[in-house]
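Reading through the structure tokens given below for one structure.
The values are calculated or read from the model by the stated rules, or taken from the named source; none is laboratory data. In this text the structure is predicted, and so the values were computed from the model without any measurement. Note that we place each Cβ from the backbone using ideal geometry, even for glycine, and neighbour counts take in every protein chain shown.
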Amino acid sequence: MIGVFDSGYGGLTIFRDIEKKLPQYSYIYLGDNARAPYGDLSQKLIYQYSQKAVDYLMAEGCQLIIFACNTASAMALRKLQQEYLPAKYPGKNVLGVIRPLVESVVELAQRSRVGVMATASTVKSEAYVNEFSHLDCSIEVFQESCPLLVPLIEASRENSPETNIILTEYIRPLKRVGLDTVVLGCTHYGFLQEAIEKSFGVNVRVLRSGQIIADKLADYLKRHPEYNHPVQNPTQTFLTTGDNKKFDQAAQKFLGRAINSLTIKLK
Ligand code: DGL
């Protein structure tokens, strides 16, 4: 069983590509919609909420969890991997999204000026800046925090005129610096992929995070047989800490099929 975790709907933009690429596994998606957005919370709270999500998904039988959330990947993942998992869940693992996205940029032929759009926490953590400087310090990174986008997407207003106006304002300074590549450093922004691509124009590559994470996960599972458990009749369970009817509507819009999520409580 593979767990996919996000603060809310954003992880669906990753899950959609994972299930397409790897349909032979069972999944549990968990969105902490009741407490989203995480992007402006303290590191302590983001760690605490992420840890509770890990506990819940592990108790449901996950061996491997994908943090389909940049904010949790930036603020909680390392500590969980280094301290919590070895003590509490030896032999189980949690993977994030930042390292694989940075690796995929570094693998591109043309990627010397890279923009990162992300939540305030992710920008402040400098997680992207640090990963880039480890892998290729010649790449110049320009970060832009976009704090109003997640609340709008959680309110299902991604196609509204106000979202468009706000998005244009966030993109303006990034356009000015002349980028060749843009990373959507928040999985929620996948809901705005087309609008962001259109705004940057054809000369800027806006990475498709879902496809990249799905490819990297397929590769990881090949290299780690201990987590590689395809099943005959795969199942998909959707859990939210928020309103499950609202979750079903948002998920249906994005996944293109009806789902029946359950509301759960994370302590
Ligand atoms: N989707 C998340 C991310 O990738 C979390 C955003 C939030 O809750 O603020 O950062």
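Quick notes
- Residues of the range 183-235 that are assigned to a helix (DSSP H, G or I), buried (at least 19 other Cβ atoms within 10 Å of the Cβ) and free of Cβ contacts under 8 Å to residues at least 40 places away in the same chain: 199 alone.
- Across the range 59-73, the number of residues qualifying as in contact (Cβ under 8 Å) with a residue 40 or more places away in the chain, more than 9 Å from the ligand (Cβ to nearest atom) and hydrophobic (A, V, I, L, M, F, W, C) comes to 4.
- Just one of the listed residues (144, 169, 154, 162) is modelled with pLDDT under 95 and not β-branched (Val, Ile, Thr), namely 154.
- Top-ranked residue of the range 74-110 - restricted to ones that are away from the ligand (no atom under 16 Å from the Cβ) and touching an Asp or Glu at 6+ places or on another chain (Cβ under 6 Å), ranked as nearest to residue 45 (Cα to Cα): 106
- Among (1) out of contact with any Phe, Trp or Tyr (no Cβ under 6 Å at 6 or more places or on another chain); (2) buried (at least 16 other Cβ atoms within 10 Å of the Cβ) - the single one residue 169 does not satisfy: (2)
- Test: residue in the range 245-255 that is surrounded by fewer than 22 Cβ atoms within 10 Å (Cβ to Cβ), touching a residue at least 60 places away in the same chain (Cβ under 8 Å) and among the polar types (S, T, N, Q): yes
- Residues of the range 130-140 that are in contact with a helix residue (DSSP H, G or I) (Cβ under 8 Å, 6 or more places away or on another chain) and in a loop (DSSP other than H, G, I, E, B): 136, 139.
- Selection within the range 1-13 - near the ligand (Cβ under 9 Å from one of its atoms) and not hydroxyl-bearing (Ser, Thr, Tyr): 6, 8, 10, 11
- Residue list for the range 141-182, filter: in a helix (DSSP H, G or I) and hydroxyl-bearing (Ser, Thr, Tyr): 163, 168, 170
- Failed criterion for residue 30 (all others in (1) part of a strand (DSSP E or B); (2) away from the ligand (no atom under 15 Å from the Cβ); (3) not charged (D, E, K, R) hold): (2)
- Selection from the range 158-177 of residues that are β-branched (Val, Ile, Thr) and touching an Asp or Glu at 6+ places or on another chain (Cβ under 9 Å): 171, 177
- Consider the range 1-41 and keep the residues that are among the acidic types (Asp, Glu) and at pLDDT 95 or above. The one that is surrounded by the most Cβ atoms within 10 Å (Cβ to Cβ) is 6.
- Flag if residue 247 is modelled with pLDDT of 95 or more, in contact with a strand residue (DSSP E or B) (Cβ under 8 Å, 6 or more places away or on another chain) and under 25 Å from residue 101 (Cα atoms): no
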